[in-house]
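What follows is a set of notes on a single structure, which appears directly below.
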Amino acid sequence: MGIVINQSIKNTIVTYFGFGVGAINVIFLYTQFLTEQYFGLITFILSTASILMPFMAFGVHNTIVKFYSSFKTRQSQNSFLSLMLILPLFLIIPLGLLTHFAFDVIANWLSKKNAIIKDYTWLIYVSAAAFAYFEVFYAWSKVQLQSVFGNFMSEVFHRVATSILLIALYFGYLTVDQLIYGIVIVYIARALIMKLYAFSLRMPSFKWTKIPNLSSILKYSALIIIAGSVANIILEIDKFMLGQFQALNNVAYYGVAIYIATVIGVPARAMHQITNPLTAKLLNEGHKEELKTLYQKTSINLFIISGFIFLCIIINISKLYLLIPDNYSEGFLVVLVIGLAKLSDNLIGNNNAILFNSDYYRVVLVFGVLLAILTVVLNLVFIPIYGINGAAYASCITIFTYNIIKLSFVYRKFKMHPFTGLTLKTLLLITICGLALFFWEFSCHPILAILLKTMLLSIVYGLSVYKFNLSEDISKLLNKFIP
């Protein structure tokens, strides 16, 4: 776990810095500098682009991670990587032509509830293409076991740039229209910078040779499009469907709540950057015991860390909503429901990496497709009845169901699960701390109250984790700071 802990810590620091900047953007700058309608519009554009991204990428970002370590010669690696650069164009170009020739049909459908969307339809396609190639170049660097810079570009770069654009809007240097186009340009620049970095690690060589197992690679890429689409549909379809059924201001309220809850998922995202290629390597080399150890360690480490973040949010959420416009407080229940779903994502450790880098990914895709359909159906049922809370209920039910299926499948096929006695102890700690501090309020300024509660939680939670040695890796890390 040495390289995992080393790069995971760096990735976590970078990711949380990025999320800190993002929190300032989403919770304060967007809510103060933009109308709710335009904030909802930006959320809708980027969420819809995220749904399209797996199609645009042709599954290449996952294919690189799965197959790269299986090539033993530099020549075969070069041919493989060159093919990965070209594959996304087989979908990006046709989708671009379709958008061009059927623009009115697509734009009118997307804007049937909110007319403002129509003028920005092309930005969805452009953003999706930029997202796709960014992920390709990011995967290119991850298989060289260099994930920190890519994580910086993924989590920090565009958020800092967006902050600058929002401040420029506030001081009158930009119009709202220019801000929206500027945000898309930032994502294009991010992809180009990631390309330069990836190529600095390993320049592509277009000297083609026969690629072993080419049919398996192409089949995997095609099928992983479905997997990526399923994951993104589960994560993003709620905001898209809210934009189809509700006014864009509700998308803005939901977007703020979702962003707050999404912070809980940051540890898994940070650790995944390095555990994904390592999991693929262990599977390719048949090291089952090492894989089981990695599975259990990632689970308990992520559960402890994400549990702390979950508690920080839940015990402070009422004070946090006092700092932003009143209308946004409608997302309180969304934060709790989605927060629990994100906590379950961390609890399953590197389960996703095991499944999608193994030979069983096809079966899991079937479950994923069924659950994506379930997500759409639940949103269709719940959103008209419960509004933004209905979207949260739909996502939570789907995420929990999907995680249970994935856990069961890995146990059935690999005879391993991520849970130990420490998992139950950690759950008990999270429950006790949550119940003890949720109803306890400091009668002072919201910011001071948040700081005091967080400090109290940090002391109680941190000492409990250390005293009961809930995680060997976290205890070793704390030993460096405790005399």
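Of the chymotrypsin sites (Phe, Trp or Tyr not before Pro) found in region 177-236, those in coil by DSSP whose Cβ has at most 16 other Cβ atoms within 10 Å are Phe206, Trp208.
Taken about its Cα centre, the chain carries a charge dipole of about 1540 debye when Lys and Arg each add +1 at the Cβ and Asp and Glu each add -1 at the Cβ.
Chymotrypsin sites (Phe, Trp or Tyr not before Pro), restricted to region 47-108: which are DSSP loop and have at most 14 other Cβ atoms within 10 Å?
Details: sites: Phe55, Phe58, Phe67, Tyr68, Phe71, Phe80, Phe90, Phe101, Phe103; in loops: Phe58, Phe71.
Listed in order of number, the matching sites amount to none.
Roughly how many Å² is the accessible area per residue of the chain, as a whole number, for a 1.4 Å probe?
Values: 20670 Å² over 483 residues.
I get 43 Å² per residue for this part.
Rolled with a 1.4 Å probe across the full set of protein chains, the surface gives Trp440 an accessible area near 120 Å².
Along the charge dipole of region 198-352, which of Ala341, Phe308, Asn213 sits closest to the positive end, that is, farthest toward it, with unit charges on the beta carbon of Lys, Arg, Asp and Glu (+1, +1, -1, -1)? Value computed over the given set: Asn213. Our helix-only sum for the chain, with -39,500 (n - 2.57) per DSSP H run of n ≥ 4 divided by its residues, gives a mean residue ellipticity at 222 nm of -26500 deg cm²/dmol.
Please state the relative contact order of region 83-178 as a whole percent: Cα pairs under 8 Å, 6+ residues apart? For region 83-178, the relative contact order is 18 percent. Solvent exposure of Ser408, expressed as accessible area, is near 70 Å², computed with a probe of 1.4 Å over the protein chains only. Taking all protein chains as shown and a probe of 1.4 angstrom, Thr209 keeps an accessible surface of around 50 Å². Note: relative contact order over the chain, using C-alpha pairs below 8 Å and six or more positions apart, is 21 percent. Applying 1/(1 + (r/R0)^6) with R0 = 30 Å to the Cβ-Cβ distance of Phe332 and Leu451 gives a FRET efficiency near 0.90.
The string of couplings for region 366-382 from the Karplus curve (6.51, -1.76, 1.60, θ = phi - 60°) is 4, 4, x, 4, 4, 6, 5, 4, 4, 4, 4, 4, 5, 5, 4, 7, 7 Hz, one whole number per residue in order, with x for Gly and Pro.
Which distance in Å, rounded to a whole number, links the C-alpha centroids of region 228-292 and region 365-380? Centre-to-centre (Cα) distance: 16 Å.
When you filter the trypsin sites (Lys or Arg not before Pro) in region 181-274 for DSSP loop state and at most 11 other Cβ atoms inside 10 Å of their Cβ, you are left with Lys207, Lys210.
Structure note, pairs Lys288/Lys406; Lys66/Lys210; Lys297/Lys413; Lys292/Lys406; Lys425/Lys480; Lys66/Lys288: Cα-Cα distances above 22 angstrom occur for Lys425/Lys480.
The values are calculated or read from the model by the stated rules, or taken from the named source; none is laboratory data. None of the values given here were measured: they were computed from a predicted structure. Heads up, the Cβs are rebuilt from the backbone with ideal geometry, glycines too, and the neighbour counts pull from every protein chain shown. The protein model used for the area step is the full one, side chains on, heavy atoms only, and it has no ligands, DNA or RNA in it. Shrake-Rupley method; radii C 1.70, N 1.55, O 1.52, S 1.80 Å.
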